[in-house]
Each structure stands twice: as C-alpha cells, then as structure tokens.
Amino acid sequence: MKTISYIFPIYNEAKNIPLLYETVSAVTQPLRDRYNLQFVFVNDGSRDESIDMLRGIQATDPSVVVVDFARNYGHQIAVTAGIDYADGDAIIIMDSDLQDPPRVSLELIEKWEEGFDVVYAVRASRKDSFFKRTTAHAFYWLLHTVADIDIPRNTGDFRLIDRRVAEELKRYTERNRFLRGMVSNIGFKQTGVLFDRDERNAGETGYPFKKMWSFALDGFFSFSSAPLKAISRLGYGMAVLSLLGALYAFTVRVFFPETVIEGWTFIVISVFLVGGIQLIMLGVLGGYIGRIYTEVQNRPLYSVQSVYASAGRRANG
Ligand code: UDP
Ligand code: MG
C-alpha cells in the first residue's frame, strides 16, 4: 500500500488543533483501505498549549508524528522539516488553521493518481482582508513579471508533492526558503485544482506584515536578479540625464550669455535624488550580500528538540 503524508506546520494553533485533527481524520477515513496515512505535525516553537495537545493526539494515534522545534523558525522551515520527516509516497502540505479545507486534499490525491507529481490548490476565491488580497495580488504580479520562474498565480503552499519532488526539494539547501518558487523551479508534471479558501477558524495570523514582507523579499531575491540589473539601468538613466543637463548649460552659456540660471534648487534636488537612489541601490546590494552571508555560514536549517512517533514507525529526518 502506498503511504500519504499530511504535513501541518503549527504555530500557536491550540484553538484549531482539535477541529483540524477531527476534520482531517473524518475526511481521510475513506482513504484508509487504499493507503497508509501519516500525519506529521511540526510544532514551530508555539507559545501556547499546542505541543501538549499534539502529544495527546500522538499518544492515541499511531499515524501521528510530532516534530517539536527548539524555537520558532517560521512557516517555510516548518514545512521543510515536515517534508524531511514524512515517509509518504505523496506529501500533502497544508495550513493548520483550516483555511485550506481538508476535503480538497482528496482531489489533490485523485490528480496525483492520474500521474501528476505536483498538484497545487488554486484559490478560486479567498476570504482574507482587502489589504492582504491586494498586497498578495501586487506581489505575485510583480514576481511574475520580473522573476526567472513561473509561479502559478493564486497558489500558496497548499499542495501535494510526489516523493520524487520531495527528494529533489531536499537538495535545495538554501536558508531563505520560498518553497512555492522552489517547487515550480523543480518542474516535473504539475497541475492545479480550484478551491475556495476559507477564513482562519480561530486564533490569530502567524504572518503579520513584517513576516509577510520578508517572505516577499525572499521570493524576490531567491528567484530574480532584476533588482541588480535595475542598478545599472538607473545608472545609465542618471548618466543620460546629467549629459542632457550639461548640454543645456553649455548651450545657454555659449549662445545666451545674458541669461542667469538660478541653479541652487536644482542642485539640492539632484543631490538628494542621486543620494537617495544610491542608498536604495546599496540596500539592494545589501539584500543579496546578506543572503550570501547566511548561505555561507551554512548553519543547520532547524534544530529539533524532540520527535514523538509511535514505535515501529521510524521517522527519518
Ligand atoms: N506558521 C508556522 N510558523 C510561523 C507562522 C505560521 O508554522 O512562524 C503556520 C501556522 O500555524 C499555519 C500556517 O503556518 O498553519 C499559515 O500561517 P497563518 O495562517 O498564520 O498565515 P496566513 O494564513 O494568515 O497567511
Ligand atoms: Mg491562515
């Protein structure tokens, strides 16, 4: 029998864990005569009772594996660890706040059985705030325009990946992880399934604006060198502008010597403008250099404090 692993990153989800577990168990019940099921919960340094609840569930259900991180590493790393510990022939990644409806996973599995290696869930509609929707839209539009890869629109990390893709993913050791980009970069046979994204069931988002912003930057810097190219383009632009300015000054001086050019406003503005542009561009360089630095340090992606799994199921990792 083939095994299907579900991965749930958990950050302060105590209010969602009971319903999540209940729903997922109910939805996947019919699968049990065709597949072995495994549920990998990765506790990403939650500060509420999540870990106790997970351990409680694990004690009664041998198909549950709980990976307990030493601290909070962030959603993308939690999912990465889930993939590392999952044994499945297919791995399903989804959020733990029931925004990704568990029943949709059945459709993902159907497509997988048809021969697809990656089946991502495409949001036909989403119930997030106006702000989140518009910023997400703008971000994916920009990424689509400048990035070197083609990330399907309106997809998150809710998806199924085949074991082969999971093994490929393990060879991507980068620290600043943008999984949906990496999966799309890997290739294989990919397809999408439409679904309506629900609201978060309970609790608060673990992705406040600051985290969203740095996640967006990871996406950019990892998959595009467009900002670097923009530096030299801007440089050329400024050079052309100053040439035009010089030409103008020269013409006035030679042909209309009686004209007085009041230049100080212009000078001050251009000093600030050029200074500003240079600082922004230094920031762009800093963005890449900072990432190079974390890669070179080559630290482990995460530290696990304990793994709870039933005897007999040797979780790898
Ligand atoms: N999450 C995590 N670590 C974090 C933040 C979030 O593992 O540092 C998990 C969270 O428990 C949830 C998923 O990632 O299962 C998506 O997070 P959330 O629902 O808070 O994000 P949103 O849906 O608001 O973008
Ligand atoms: Mg959510």
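The values are calculated or read from the model by the stated rules, or taken from the named source; none is laboratory data. Just so it is clear, the structure is predicted and the values come from calculations on it, not from any experiment. Backbone-built Cβ (ideal geometry, glycine too); neighbour counts: all protein chains shown. The accessibility values were calculated without ligands, DNA or RNA, using every heavy atom of the protein model including side chains. Shrake-Rupley method; radii C 1.70, N 1.55, O 1.52, S 1.80 Å.
Using per-residue counts of other Cβ atoms within 10 Å, averaged over each peptide, order 159-167, 54-62 from highest down.
Working: 159-167: 21.2, 54-62: 15.8.
Result, highest mean first: 159-167, 54-62.
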Accessible-area composition of the chain, carbon plus sulfur, in percent [1.4 Å probe]: 61 percent
Rounded FRET efficiency, nearest 0.05, which uses the C-beta distance separating residue 279 from residue 167 and R0 of 30 Å: 0.10
Residue-wise HN-Hα coupling along the stretch 150-155, computed from phi with Karplus coefficients 6.51, -1.76, 1.60 (Hz; x: Gly, Pro): 10, 8, x, 5, 6, 10
Note, ³J(HN,Hα) from phi for the stretch 156-173, Karplus 6.51, -1.76, 1.60, rounded to Hz, x at Gly and Pro: x, 9, 5, 6, 10, 10, 6, 3, 4, 5, 4, 5, 4, 4, 5, 7, 8, 9
Projected label distance in nm at residue 201 and residue 288, using a 7 Å step from Cα toward the beta-carbon: 4.5 nm
Contact order relative to length of the chain, as percent, for alpha carbon pairs under 8 angstrom and 6 or more apart: 24 percent
Loop-exposed chymotrypsin sites (Phe, Trp or Tyr not before Pro) per DSSP, neighbour cap 16 Cβ within 10 angstrom, longest uninterrupted part of the chain: 1-171
Residues of the chain: accessible area per residue with a 1.4 Å probe, Å²: 53 Å²
Stretchable slack from residue 268 to residue 49, in nm (0.36 nm times residue separation minus alpha-carbon distance): 73.1 nm
Amide H within-cut-off set for residue 151, under 5 Å, with H built and near neighbours excluded: none
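Taking R0 as 51 Å, what FRET efficiency do you get between residue 256 and residue 297 from their Cβ-Cβ distance, rounded to the nearest 0.05?
Details: r = 61 Å, r/R0 = 1.20.
That gives a FRET efficiency of 0.25.
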Dipole of the chain, positive direction: furthest Cα of 144, 14, 66, with charges on the beta-carbon: 144
Candidate lysines for bridging to residue 111, where Cα separation is under 25 Å - those fewer than 8 sequence places away on the same chain excluded: 2, 170, 189
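Where does each of 280, 231 land when they are ordered by accessible area, with a 1.4 Å probe and the largest first? Each step should come with its number before you reach the end.
Numbers: 280 110, 231 45 Å².
Reading off the accessible areas and sorting them downward yields 280, 231.
Taking the Cα centre of the chain as the origin, how large is its charge dipole in debye, to the nearest 20, when only Lys and Arg (+1) and Asp and Glu (-1) carry charge on their Cβ atoms?
In debye, rounded to 20, the chain gives about 540.
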Under 17 Å from the Cα of residue 210 - lysines, other chains or at least 8 residues apart: 132
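Using a cut-off of 10 Å between beta-carbons, work out the net charge of the residues near residue 155 (Lys and Arg +1, Asp and Glu -1, residue 155 not included).
Values: positive: 123, 153, 159, 180; negative: 157.
Local charge sum for residue 155: +3.
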For the stretch 46-52, 3J(HN,Hα) per residue [Karplus equation, 6.51 cos²θ - 1.76 cosθ + 1.60, θ = phi - 60°, Hz, x = Gly/Pro]: 4, 9, 10, 7, 3, 5, 5
Label zone at residue 214 (point 7 Å along Cα-to-Cβ), backbone N below 20 Å, the stretch 37-75: 43-48, 69-75
